[in-house]
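Everything on this sheet refers to the single structure shown next.
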Amino acid sequence: MPPSYPVLLFTGQGIIDEAHQITGKVVDRISHATLASLTAKPVDDIVQALYNEHYIHLPVLDRNAAEHEEFEFFYAPYLAMIQNIDFKTLTDQRRGTIFALDVPFTGEARYLRTRPTAIALKPPLGFIGENKVTLYVPKENHSLEGVQRAFDAILDNIDEHLKRSAESLSAWPMNFRGMVISAIDQRINQLKSTAKISAGLTFKPKRRPNAPDLTVLPVRKQIRPEPFNFQLPAEQQFYLAEEIYQHVLSVMQNMSLVMEYSPKAFADLGEEALRFHFLVQLNGQYEGEATGETFNGEGKSDIIVRQGGANVFIAECKIWEGVTAFTAAIDQLQRYVTWRDTKTALVIFNRNKGFGDVVLKAQEAVRAHPQYKSGPLVQGPARFRYVFRNANDPNREYALTLMLFNVPKPDDANG
């Protein structure tokens, strides 16, 4: 049985039309994006990431890796594209040897079908596979040189079409950039305008179906830190299980999202008052084995869970006041971390303009800390998990999850 029949290459949709469709899909995606996702990074970084994601990889033929074979069949399907071939009624009944050349390529196969904007060349025939295109030359009366010239001509034809495709796309990257930046600006302005109106209404906001769940459970869950065998003493060396850690972080994340949804209610609150809201929600979800308040507030902004006299969870809530103060907050966490397997969180509230810049500066400061070991594991637009060395025992590690949120200044919320 012969290989599949070839089709005319470069006769489909115009490649620039396909490029504009890609831009349209990205713009539509932005029209449904959240404010947090559009402000977590500088606009240029977002645009570059989207361009990289949708980059048009034109095929590049690898002639040196091409392989040939031959088979015998009717010439006609390999000389011109024929739809619904019925060999009984086929006018051209010539049969003979057909040479087939498999040519590997890199890039996306679909762009062997799209049409360059301006082209006067006759489109070649070929069968498009996943990472190779197969070309055919019926022998007829060809000599060795004739078959070789025929294949070279087809390859040159394909390369010329791809060159013209690249020329057709020369203006697309700048077009893409302009359209996407405009879409991001429009979406951000739309979301900010909506939020300002919503915050100014005197009515109680209706709960959104996808709003963060801060419901206090009728029966609170117990935090039971789990023991591990590190050749014991020290009250059995308890640690906080990963699933509990993740749920605690999700409760904190939800509380922060409530602040973003209702900025006016939280605009005048300081660090201690903000921390109190976290404590209320956390203690509404959890209880300890022997204490009514599993999560304790201590000092100015600590949230701590203890077991056996040692800390198994620590969180710091801080308002962003620059890199120096942020680094001091990390140092403060370090002082509370014991040699046990401790989970931590650093919650940062930004009341300045340029939230994306704050996110970047905070990440840079974390990586510059002397006890930083690895990360981040990105868990959201402004949520990052790191591994830190214990300052008192370099052989021990602990998790630090950085969470950043935008909370307005009093003037911004009331404006």
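The values are calculated or read from the model by the stated rules, or taken from the named source; none is laboratory data. Quantities reported herein were computed from a predicted structural model and do not represent experimental measurements. Methodologically, a virtual Cβ is constructed for each residue, glycine included, from the backbone with ideal geometry; neighbour enumeration extends over all protein chains shown. Ligands, DNA and RNA are excluded from the accessible area calculation, which covers all protein heavy atoms including side chains. Shrake-Rupley method; radii C 1.70, N 1.55, O 1.52, S 1.80 Å.
Points to keep in mind about this one:
- Accessible heavy-atom area order of His247, His20, highest first, probe of 1.4 Å: His20, His247
- Within-12-Å neighbourhood charge of Tyr111 [Cβ basis; K, R +1; D, E -1]: +2
- Thr324, Thr194, Thr338, reordered so the largest accessible area comes first (probe 1.4 Å): Thr324, Thr194, Thr338
- Relative to the current alpha-carbon distance between Asp331 and Asn352, full extension at 0.36 nm per residue lengthens the span by 5.3 nm.
- Sorting Val258, Val358, Val60 on solvent-accessible area from highest to lowest, probe radius 1.4 Å, gives Val60, Val258, Val358.
- Mean accessible surface per residue for the stretch 98-186, computed with a 1.4 Å probe while every protein chain stays in place, in Å²: 51 Å²
- Surface share of carbon and sulfur [accessible, 1.4 angstrom probe, percent] for the stretch 1-85: 52 percent
- Residue pairs, from the table Lys41/Lys318; Lys25/Lys264; Lys264/Lys353; Lys25/Lys196; Lys139/Lys163; Lys25/Lys353, whose Cα atoms sit over 24 Å apart: Lys25/Lys264; Lys25/Lys196; Lys139/Lys163; Lys25/Lys353
- Within the accessible surface of the stretch 135-198, defined with a 1.4 Å probe on protein heavy atoms only, the carbon and sulfur portion equals 54 percent.
- Per-residue ³J(HN,Hα) for the stretch 128-135, Karplus 6.51 cos²θ - 1.76 cosθ + 1.60, θ = phi - 60°, Hz, x for Gly and Pro: 9, x, 5, 9, 7, 10, 9, 10
- The alpha carbon centroids of the stretch 1-79 and the stretch 387-404 are separated by 44 Å.
- Residue-wise HN-Hα coupling along the stretch 368-381, computed from phi with Karplus coefficients 6.51, -1.76, 1.60 (Hz; x: Gly, Pro): 7, 5, x, 9, 5, 10, 7, x, x, 8, 6, 10, x, x
- Accessible area (Å², 1.4 Å probe, nearest 10) - Tyr372: 50 Å²
- Rel. contact order, % - alpha carbon contacts under 8 angstrom, at least six apart, the stretch 91-175: 36 percent
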